[in-house]
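One structure is given below, encoded as structure tokens.
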């Protein structure tokens, strides 16, 4: 496999005929991409703030959450997973870098992001990183995640000086 092929493996085909689209079609595509990127940010903010209604609103009713160790089908199962996973009273923050957002046939948008996260509790703290692949669907004009894939590449403790007091 060539370097160019490795860089595009698993990504949706890019539409090379965009310039044949009308200005309105191109603007609508760009607005959909921006709304999808904002949805990834809304997700991170809701997780960081433990804002359950906002987190629930980020997902479609038939959302799928996939990680290396599990899969949760449907918004209720996804939310139950987050409530279990985020139960500990710790400070958390996401830092997201969106590297790619592409509208795919049918109108959904796929957003690929890298993330760094911090967790700081009273006894320990950690730093980790990985990536998200979010498929965003538009329902009644609102962008929501219909599929979220989370890959955590590293999690580790950091120096005691980072812990909360």
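Read the figures in this text as sums done on the coordinates, not as results from a lab. Here the structure is a predicted model, which means the values were calculated and not measured. Backbone-built Cβ (ideal geometry, glycine too); neighbour counts: all protein chains shown.
With the condition kept exactly as written, say whether any residue in segment 108-130 is more than 20 Å from residue 48 (Cα to Cα), under 17 Å from the mean Cα position of the chain (by Cα) and touching a residue at least 60 places away in the same chain (Cβ under 8 Å). The answer is yes, given that some residue of segment 108-130 is more than 20 Å from residue 48 (Cα to Cα), under 17 Å from the mean Cα position of the chain (by Cα) and touching a residue at least 60 places away in the same chain (Cβ under 8 Å).
With the requirement that a residue be surrounded by 15 or more Cβ atoms within 10 Å (Cβ to Cβ) and either farther than 13 Å from residue 151 by Cβ or touching a helix residue (DSSP H, G or I) at 6+ places or on another chain (Cβ under 8 Å) (or both), what does segment 58-71 give you?
We begin by selecting, within segment 58-71, every residue surrounded by 15 or more Cβ atoms within 10 Å (Cβ to Cβ); these are 58-60, 63-67.
Those that are surrounded by 15 or more Cβ atoms within 10 Å (Cβ to Cβ) and either farther than 13 Å from residue 151 by Cβ or touching a helix residue (DSSP H, G or I) at 6+ places or on another chain (Cβ under 8 Å) (or both): 58, 59, 60, 63, 64, 65.
Under the condition of being assigned to a strand (DSSP E or B), without any contact (Cβ under 8 Å) to a residue 60 or more places away in the chain and touching a strand residue (DSSP E or B) at 6+ places or on another chain (Cβ under 8 Å), the residues counted in segment 47-82 number 3. Counting only residues that are touching a residue at least 24 places away in the same chain (Cβ under 8 Å) and out of contact with any strand residue (DSSP E or B) (no Cβ under 6 Å at 6 or more places or on another chain), segment 83-103 holds 4 of them. Checking each residue in segment 93-107 for being under 16 Å from the mean Cα position of the chain (by Cα) and within 22 Å of residue 151 (Cβ to Cβ) picks out 93, 94, 95, 96, 97, 98, 99, 100, 101, 102.
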